[in-house]
Amino acid sequence: MTAGSTTRIAVSLALIAGAAAYAVMGAIQRSGVPDEASWDQAAQVVREGWQDGDLIVFAPAWAHAGAPRFQGLHADIAELPDWYEAAKHPRVWVVAQAPHREPVPPYGWQALARTETGGMTVHLWTPPADQPLVWDGLASIRDAKVAHGDGPARQECTTWQNNRWSCGAAHPWQNVGRVSRDIQGRERTVIWAHGRDNGDPLEIRWPGVPAGRTLTIHVGLTQRAIEQAAGAPVVFEVRVGDRVVVQRTLGFNEGGWFRHDVDVTGQGALDVTVRIVTKSNPFRQLCFTADVWG
């Protein structure tokens, strides 16, 4: 047998071994994929125990391929769950499949139930009981007092239409209200507060916000905004009463969903004001949320 023949035989054997290993790997992977009956059973467990305010997440993230079976229920189908937002729900269902059949609750969360449904498990968790959501600025956007300008130029924004405040006639983008936008890699439900032009300040104020222990602010620009080489940096400021508690300048293409936690323990009812200023407003699509936790 020549050296060339030996080499060809070795290569052939290696290819056969590789193909066999690939087939075995594929069989193992397929064995961990739940069948249709498992998905149907998981959906039935969730529907039978569902309560108003519940949320569904999936583990691992690609398990959300079964989301259509939960149609009509509130589900987070992003690549990774947002546990901060999930904590605003009284209960969270975790629909899990191999190899993540035993997901671990985030710190402080409690596991209420676990049900096996063929190739899947369905878990029911609750957020930390000692950190309740006291107030949600997004849910209270209609209670806000919106205005722009300073001094004699100050103007109250009194047009409420389509879940948003506009100054004067309703405007397609120059307003303050509830929207869903792509921010830092996921679709988020947020308060839209597009900057006004030429340094004209935009203010959103909530008087009499319920007392709590922590005021949590998130702020960022939309993905579309950071992709545009336009506009100017935006100054974002939060005041509690007369005290500035958050001040951040976002560059015209600065991406992120920035969190600020402010201790408001013992301060009683709060007067929370958000102020947004930019010198040039093209694509200054700033969004934020504000929450008080007990």
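Look through T121, T126, T115 and report the one residue that is buried (at least 20 other Cβ atoms within 10 Å of the Cβ) and either in contact with a helix residue (DSSP H, G or I) (Cβ under 6 Å, 6 or more places away or on another chain) or of a type in the set (V, I, T) (or both). Break it down into steps so the answer makes sense when it comes.
Numbers: T126 fails: buried (at least 20 other Cβ atoms within 10 Å of the Cβ); T115 fails: buried (at least 20 other Cβ atoms within 10 Å of the Cβ).
So the residue among T121, T126, T115 that is buried (at least 20 other Cβ atoms within 10 Å of the Cβ) and either in contact with a helix residue (DSSP H, G or I) (Cβ under 6 Å, 6 or more places away or on another chain) or of a type in the set (V, I, T) (or both) is T121.
Here V246 meets each of (1) out of contact with any Ser or Thr (no Cβ under 9 Å at 6 or more places or on another chain); (2) at pLDDT 95 or above; (3) farther than 20 Å from L138 by Cβ with one exception, condition (3). Being touching a residue at least 40 places away in the same chain (Cβ under 8 Å) and in contact with a Lys or Arg (Cβ under 9 Å, 6 or more places away or on another chain) is the filter; apply it to region 150-186 and report the residue that is nearest to D271 (Cα to Cα). Once the filter is applied, the top-ranked residue is R178. Scanning region 182-221 for residues being within 10 Å of the chain's Cα centre (by Cα) and either assigned to a strand (DSSP E or B) or not assigned by TED's automatic domain parsing to the domain that holds Q247 (or both) gives a total of 7.
Taking (1) at negative phi; (2) out of contact with any strand residue (DSSP E or B) (no Cβ under 6 Å at 6 or more places or on another chain); (3) surrounded by fewer than 18 Cβ atoms within 10 Å (Cβ to Cβ) in turn, G208 satisfies each apart from (1). In region 37-153, counting only strands (runs of 3 or more DSSP E) that sit wholly within it, the ones holding 1 or more residues that are more than 30 Å from V277 (Cβ to Cβ) and touching a Ser or Thr at 6+ places or on another chain (Cβ under 6 Å) span 92-97, 110-117, 120-126. Of all residue pairs spaced 6 or more apart or on separate chains, those with beta-carbon atoms under 9 Å, a first member in region 60-85 that is under 14 Å from Q97 (Cβ atoms) and a second member that is in a loop (DSSP other than H, G, I, E, B) and of a type in the set (A, V, I, L, M, F, W, C) are A61/I77; A61/A78; A61/L80; H64/I77; H64/A78; A67/I77.
The values are calculated or read from the model by the stated rules, or taken from the named source; none is laboratory data. Quick caveat: nothing in here was measured; it's all calculated off a predicted structure. All Cβ positions, glycine included, derive from the backbone under ideal geometry; neighbour counts span all protein chains shown.
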